[in-house]
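No lab work stands behind these numbers, since they all come straight from the coordinates. What you see is a predicted model, and the numbers here were worked out from it, not measured in a lab. Cβ placement follows ideal geometry from the backbone for every residue including glycine, while neighbour counts extend to all protein chains displayed.
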Amino acid sequence: MIYIIYYYDSNKLFFKEEFESSYLSSFLNKYKKTKIICQKNGKIRKIFEKVSFAFLKPYSYKNMELLINDVVRIQKNNPACKIILFGDFAKDHYIKLFDVLNNQIYGIILGDNETTALQIIHHQKNKFKKIEGLVYKDNNELTYNPNNKIVKMDEIPFGDRRILVENNQKFAEVLFSKGCVHKCSFCRESKKISNAKHTKIGLNL
């Protein structure tokens, strides 16, 4: 079992589907049974199943207490589970997050989510150096494996919409492209994936 857990941070009184998590869930579900969970302060969804991999997406430091509690619960029930952080907040604050979580995580994805996550679930042993796009600790030193690859949009199924359906959400966010060939200083897209080709999903109209 794979968990995709995102920590929704909003002043609104409802859960909201998170599109990056929904696409990662649908992609990994092709290889291993995957469950997507939305965690929100005040409305905690319980975690019971045995899990081999847990991909966690925090939104801000306000989510840290809830995230740390989940990490402890997952590791208590599944000592061999690999816990990985992903998302823009994790990428921007990966040094601090390694300190906060005190070596309790396997690594943080800095490259393309789908490319790196797929390599992680296919590597049963701790062969960090072979996993592209992952930052991890090696002898207490942070090490990053560059990632120049990107999963094409046509290889990713439509997003996992379970959260959307459960909450009767009236809209859906859709991912049409990944990365960018330009290097604008004000935009994070070119910084996510080095030299990534701009790919677009094929639409049948």
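Listing for the model above:
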read-out	value
Single residue of Thr115, Thr143 found to be surrounded by fewer than 17 Cβ atoms within 10 Å (Cβ to Cβ), hydroxyl-bearing (Ser, Thr, Tyr) and either outside any strand (DSSP E or B) or touching a helix residue (DSSP H, G or I) at 6+ places or on another chain (Cβ under 9 Å) (or both)	Thr143
Failed item, numbered, when Asn139 is tested on (1) touching a residue at least 60 places away in the same chain (Cβ under 8 Å); (2) closer than 22 Å to Leu85 by Cα; (3) among the polar types (S, T, N, Q)	(1)
